[in-house]
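Report on one structure; see the data block that follows.
The values are calculated or read from the model by the stated rules, or taken from the named source; none is laboratory data. It should be emphasised that the depicted structure is a prediction, and the values quoted were computed from it without experimental measurement. Note that each Cβ is placed from the backbone with ideal geometry, even for glycine, and that neighbours are counted across all protein chains shown. We work out accessible area using only protein heavy atoms, side chains counted, and drop any ligands, DNA or RNA first. Shrake-Rupley method; radii C 1.70, N 1.55, O 1.52, S 1.80 Å.
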Amino acid sequence: MKKALLTVFFAALFCLPGSLQLSAQDNDAQNKKLIAKMDSLRNAIAAAQQHRNRPADNAGKDTAATFSDNSSQSDNIRPLLPAEQLLAQADSLRRIYDFPEAVAAYNAATEACTDSTERLRYEDELVLGENGLNMMDYCNLPRVVARQKFSVRDFFLFYPLPDNSWRAIPNQLDSSDASGIIQALYIPDDASTIFYSAQDKDGIRNIYTSHFQDTLWTAPELINESLTSSSNEIYPIVSPNGKTLYFASEGLYGMGGYDLYSSTYNSETGDWETPVNMGFPFSSPYDDFLFMDTDDGKYSIFASNRDCARDSVCLYVVEYDAMPVRKQISNVEELRNLASLMPRRTLSRIDNSSVATESSNSEETGRYIKQMNRVRELRDSLNNVFSSDEFLTELPGIQARLDSAVKALQETEMEFLQKGIALDPEKLQKDLERQVVGASSGYTFTKHHPGAEISLNMAEPPVLFDYTFKILPEAQFAQDNTLPDGLVYQIQLFSLSKKATLQQFKGLSPVFEKEVSPTKHIYSVGIFRTYSDVLSNLNSVKRLGFKNAIITAYVDGKTVSVSNARALESKMKTQYKVRIYPDGASLPKDAVTALRTMTATDIIKLTEDGSIIFEVGPIDNKESADAIVQVLKAEGVSNVSIIDLGKSL
């Protein structure tokens, strides 16, 4: 028996599992080669910096020793590495999680770059390295349950989400073609609110939301300013309790590629709060996306291409942690190990009931499918048990469980026959065809079916009316005759005893109508914020034949004389704000103290295009704004600008 068992083991070792072991060995060897290459690149960078810092009279001798290929070729001095090579080296260091060295290489590349336009791009790349370096201080330590590689074309179908809920693109909500990791939208049949990613007019993917009201879906709206960057946001998923939105972005504060973010819903403001990068090991220098928590609160799942070829992604399953403990990791090798997310084989901790879901609505069919899947899982485990070091002890137990599962399945079939229960053959076949992956690891990924083409009865988005004064081929009446708050000027055209027609306005737009009485209608055109603006357009109106046109003025919708309006306008002050671009995520303590001393206005922290900025204002005069800028620069904050907010009462 033992001899036969060993024969089976060696046959399995050289057939199925062997390829997996070889792949793992090759991957490890490839990583070691890459790390060795980066060590060599580090030395080259250090040598280049050392060469640049040599005194001129000793440069030839010293650089010959530094850059020589070997002792016999000391006269062959290599040229300095160009900025492009340094940048490529920095990118490579960042991709193997060596952020301290990557930042040094980015700084060297930026210093070596002489093109001012290109230098901005180098500085943007430097920010990615600095972000990764900063995030090393706040690393999560999740317990990894499983990881499995899937095709990029259908990986999303293996998530434990309702069947038929993924919709292929292009579709009604997203007219763009599938590309790379962006393949489908998650739109469940029973949803009353949907969140999805689609391209705007500039081809950038933003997150939109729509709600079902009565018989219509509301027109799609951008979800939030703080969740919208200058680059792409994809795969939004709301947590089971509806309080957290997970999504991926390549434009917010991150370390390169798509990073994962979470945003909490604020019930008081009725809006989503500023998103937070989920940090290591969920985010990485690669593409990380489609994060979700399972409905039972046991697991979190996300996708990444950090260890995959272009045509694949890995799904990672970790135990859900409501209050994760964060740890500072300064050792690069430790960070690499954390980012590899290797599962801990503790099968007793794994509960597959949350992931191996059935699509059948029938209780009897559901029970039968569950038993069938159990048999398939155990057969899969039996086929893969030989890759385990403890196959001799695991095999008898798995075989016994398989025998028991087959017997239970047969008993269920007999029970159905005796009770006259008829299974739906078409639905049963559809469920049995579902691909089940990963049973040998103790966690099962079950493939679901894609949903039908989207057909939503959706309201048309509102068209925003343009109230800018203009002369068109055909005049337009104002969509709303209500005047905005504040000081406003208009050009009054004429009054009539009956309603005017569009032809009477000779293309002037927008035309405002004020009905004083059934027999008196006053018509004016335009909304102007300054007297000089309305005056510069008055002659254009008169030249069209409106010789009796006059300027009128209003404050908060109430009529005032033009002279009073001009006097009021002269008292209006231009306000300013100071915008600060810090080197990191916060302002120096001395700079904050100086600001508090100089002004009582708010200091607001914002995110713009993935970068942290601060704004101070409003400030009543330019002199005060200039003084704040000078104080900030004295405290070492050099990237500061003044923004003109316009005039206000």
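Which semi-axis lengths, in whole Å and largest first, follow from the square roots of five times the eigenvalues of the Cα gyration tensor of region 184-311?
23, 17, 15
Which net charge results for the neighbourhood of residue 237, defined as the other residues with beta-carbon distances under 14 angstrom from its beta-carbon, given Lys and Arg at +1 and Asp and Glu at -1?
Summing Lys and Arg as +1 and Asp and Glu as -1 gives -3.
Whole number in Å², please: accessible area per residue of region 233-349, 1.4 Å probe, ligands, DNA and RNA not counted.
Result: 44 Å² per residue.
Classify region 112-172 as rounded, prolate or oblate from the Cα gyration tensor: take a ≥ b ≥ c as the square roots of its eigenvalues, call it rounded if a/c is under 1.5, otherwise prolate when a/b beats b/c and oblate if not.
Oblate shape, in that a/c is at least 1.5 and b/c is the bigger or equal ratio.
Net charge around residue 454, counting only other residues with Cβ within less than 15 Å of its Cβ (Lys, Arg = +1; Asp, Glu = -1)?
-3
Please calculate how many Å² of accessible area region 80-158 carries per residue, with a 1.4 Å probe and no DNA, RNA or ligand atoms counted.
43
Name the residues whose placed amide hydrogens come within less than 5 Å of the amide hydrogen of residue 288, ignoring near sequence neighbours (fewer than 5 apart) on the same chain.
Those qualifying (amide H under 5 Å, at least 5 residues apart or on another chain) are 258, 259.
Between residue 641 and residue 241, what is the label-point separation in nm under the 7 Å Cα-to-beta-carbon projection?
Between residue 241 and residue 641, the label points sit 4.1 nm apart.
Once each part is reduced to its C-alpha centroid, what is the distance from region 232-254 to region 548-586 in angstrom?
Comparing the Cα centres of region 232-254 and region 548-586, I get a distance of 39 Å.
Assign one of three labels to region 437-520, namely rounded, prolate or oblate, based on the Cα gyration tensor with a ≥ b ≥ c the square roots of its eigenvalues; rounded applies when a/c is under 1.5, prolate when it is not and a/b is larger than b/c, and oblate otherwise.
prolate
Order of 141-152, 174-185, 509-520 by packing, highest average Cβ count within 10 Å first?
141-152, 174-185, 509-520
Using 30 Å as the Cα-Cα cut-off, could you pick out the over-long pairs in 327/370; 327/589; 298/589?
Pairs exceeding the cut-off: 327/370; 298/589.
Once you list every other residue whose beta carbon is under 14 Å from the beta carbon of residue 506, what net charge do they have if Lys and Arg are +1 and Asp and Glu are -1?
Combined, the nearby Lys, Arg, Asp and Glu give +3.
When the Kirkwood radius is taken over all Cα pairs of region 110-235, what Stokes-Einstein diffusion coefficient follows at 4 °C and 1.567 mPa s, in µm²/s?
Translational diffusion coefficient: 72 µm²/s.
Ignoring ligands, DNA and RNA, what accessible area per residue does region 536-603 give at 1.4 Å, in Å²?
Value for region 536-603: 62 Å² per residue.
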